[in-house]
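Reviewing the structure listed below.
The values are calculated or read from the model by the stated rules, or taken from the named source; none is laboratory data. It should be emphasised that the depicted structure is a prediction, and the values quoted were computed from it without experimental measurement. Note: ideal-geometry Cβ built from the backbone for every residue, glycine included; neighbour counts use all protein chains shown. All accessible areas refer to the heavy atoms of the entire protein, side chains included, with ligands and DNA or RNA removed. Shrake-Rupley method; radii C 1.70, N 1.55, O 1.52, S 1.80 Å.
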Amino acid sequence: MSPAPAPLPPGDVARLNFVLNLVYLGAQFHGQAVAQAPASDLLTGVGRLGAVRGGHPVAFSDKVLDRYASEAAGDSVAQIVALRRRLGSATAAQPTLDLAPALRGPAGTDARSNTVLDRSTSDRGYLLGAFFIGDTLPAVTRTLLADIADAGAQTTLAGILAHAIYHAGVVRTLLVMRASADPSIGEVAGLAGAMQRRLAGPDPEVVPEGASADLMDIAGIPIPFFRSVNQVLRALTSSANGPQTGGFFPSGINGVPPELLR
C-alpha cells in the first residue's frame, strides 16, 4: 500500500480547494445536462454540503454536443477525484450551486449585459453556459499554480489545467462554428464577455466581444490566459463589490479562507 501523502501547507490547501469549488460547478453543469451527476460520496468534506439548483438533462439536438457534454462531465469527475485524493481530510464540500442563475452586470452598466443561463431551451443555452463557466478554470488555475509549494499538488493542478485549456478551446470552437450560422450566438457571447469585464475589474484578462477563438485584452491584443481569484469570483457570483455570493454560488464557496479572496 502506498503511504498517505504528507499534509499540505495551508496555502496549498486553500488554493486547491478554490479550484475544487470550480470543478464541482463544472461537474454538475456538464453532468446534469447528460444525467451523469457526480456520486454523492465525491461531494462531502469541510463546510456545509450544498444542493444543486436548476440542474436537469438537456435534450440535445446536436449529437456532437451531447457527446462533448458527456466527455466534459467525465473529465470533471476525474478532476474531483484527483483533488480530493491530494487534499485528504482538508477537502472542501460542494457548496450550494445554481446552474441557471440570473447574472447581472454592475449597477449603471448596459442592461443588455444581464442574462439568465437556461440550459433547457436549446443546445445554444448549454453552450453559452459552458463558455461562461469554462473560461474561469484554466485562467485561475494558471494563476494559482505559480504559488503552489507541494510537488504533488503542482502535478495535480497541472493536469487539471491541461484538461481545462482543452475544454475551453473546444467550447470556443463550437461557439465560433455556430455563430457563423446564427449571429445572435455571437451577440450573446459578446454581452457575456462584456459583463465579465465589468465584474472582473479595471484591467481583466477577459473573453472577447462576440464569439471568437482568441482571447483579447480590452485593447484587442492577444494576452496570456490569467485571472485572479477575485476576478473569477466576481464573474461567477455577479458581485463586483462586497460579499462574493450569488450567481453560480448563491451561498459562496467552501474551504477557502478570506485572506485568499482579498
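Computed quantities for the displayed model
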item: Of all residues in the range 24-53 being among the polar types (S, T, N, Q) and part of a loop (DSSP other than H, G, I, E, B), the one that is surrounded by the fewest Cβ atoms within 10 Å (Cβ to Cβ); result: Thr44
item: Hey, Ala100 modelled with pLDDT under 95 and of a type in the set (A, V, I, L, M) or not; result: yes
item: Conditions (1) at pLDDT 80 or above; (2) open to solvent by less than 30 Å² (accessible area, probe 1.4 Å); (3) within 16 Å of the chain's Cα centre (by Cα): number failed by Asp123; result: (3)
item: Condition check for Ala100: assigned to a loop (DSSP other than H, G, I, E, B) and at positive phi; result: no
item: Residue check for Thr96: of a type in the set (Val, Ile, Thr), touching a residue at least 12 places away in the same chain (Cβ under 8 Å), farther than 15 Å from Ala39 by Cα and surrounded by fewer than 19 Cβ atoms within 10 Å (Cβ to Cβ); result: yes
item: Index of the failed condition, Gln94 passing every other in (1) in a helix (DSSP H, G or I); (2) modelled with pLDDT of 95 or more; (3) not small (Gly, Ala, Ser); result: (1)
item: Among residues of the range 247-262, those that are surrounded by fewer than 20 Cβ atoms within 10 Å (Cβ to Cβ) and modelled with pLDDT under 90, counted; result: 6
item: Test for His56: is it surrounded by fewer than 18 Cβ atoms within 10 Å (Cβ to Cβ), touching a residue at least 40 places away in the same chain (Cβ under 8 Å) and closer than 29 Å to Val170 by Cα; result: yes
item: Hits in the range 59-80 - residues which are open to solvent by less than 50 Å² (accessible area, probe 1.4 Å) and under 14 Å from Leu25 (Cα atoms); result: Ala69, Ala72, Ala73, Gly74, Asp75, Ser76, Val77, Gln79, Ile80
